Amino acid sequence: MNALPTRFFATAALFALAGMIWGVQMSATHDHTLAPAHGHLNLLGFVVMAVFGAYYALAPRAAASRIARVHFWLHTAMVIILPFGIARAITGQGEALAQIGSLAAIASMLMFIYVVWRYRAGAGEQIDKAAPLPAE
């Protein structure tokens, strides 16, 4: 498998762990004020990032492209900025980071749409076959 899908999956797992720890902390303190930020971390950091990783695993030509690497770094930066910005907005510390993160989220999805349109998974690609499963 290309290194890019692995990076997407590994980063998604780290964001999932961070989201879980944050959820446990909210539960332990009985303070769910920042639940929207926590939800964005889980959705964009784990779910969407894992979906991107799955696409890139199925589309090795796309995964090998420069735009895919830029996509990884843009999305990773956005996942770090947006939940923090949402938390700041909820606590009355300003909305600028949430706005920047939101624009980065839109840019990341537009970039993904372009990649899907440009490289079309399965369009003449050879995907490395895994070793055959042992006979049962």
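Set the Förster radius R0 to 22 Å, insert the Cβ-Cβ distance between Thr6 and Leu43 as r into 1/(1 + (r/R0)^6), and round the FRET efficiency to 0.05. Don't skip to the answer; put the middle values down first.
Values: r = 21 Å, r/R0 = 0.97.
Working from the Cβ atoms, E equals 0.55.
For each of Leu58, Leu34, count neighbouring Cβ atoms within 10 Å of the residue's Cβ, then give the residues from fewest to most.
Numbers: Leu58 14, Leu34 18.
Placing the least packed residue first, the sequence is Leu58, Leu34.
Could you line up Met111, Met49, Met26 from fewest to most neighbouring Cβ atoms inside 10 Å?
Working: Met111 18, Met49 26, Met26 15.
Placing the least packed residue first, the sequence is Met26, Met111, Met49.
Across 10 Å bins from 0, what is the distribution of all Cα-Cα pair distances for the chain, in whole percents?
12, 37, 28, 16, 7, 1, 0
I'd like the FRET efficiency for Ile113 and Ala54, computed as 1/(1 + (r/R0)^6) with the beta carbon distance as r and R0 of 22 Å, rounded to 0.05.
Numbers: r = 16 Å, r/R0 = 0.72.
Calculated value: 0.90.
Can you list the HN-Hα couplings for region 34-46, worked out from phi with the Karplus curve (6.51, -1.76, 1.60; θ = phi - 60°), rounded to whole Hz and with x for Gly and Pro?
8, 4, x, 5, 4, x, 5, 4, 5, 5, 7, x, 9
Taking the number of other C-beta atoms within 10 Å as the exposure measure, put Thr6, Thr11 in order starting with the fewest.
On the way: Thr6 14, Thr11 20.
Lowest count first: Thr6, Thr11.
Where a number appears in this text, it was derived from the coordinates with a stated rule and is not lab data. Quick caveat, the model's predicted, so the values are computed rather than measured. Heads up, the Cβs are rebuilt from the backbone with ideal geometry, glycines too, and the neighbour counts pull from every protein chain shown.
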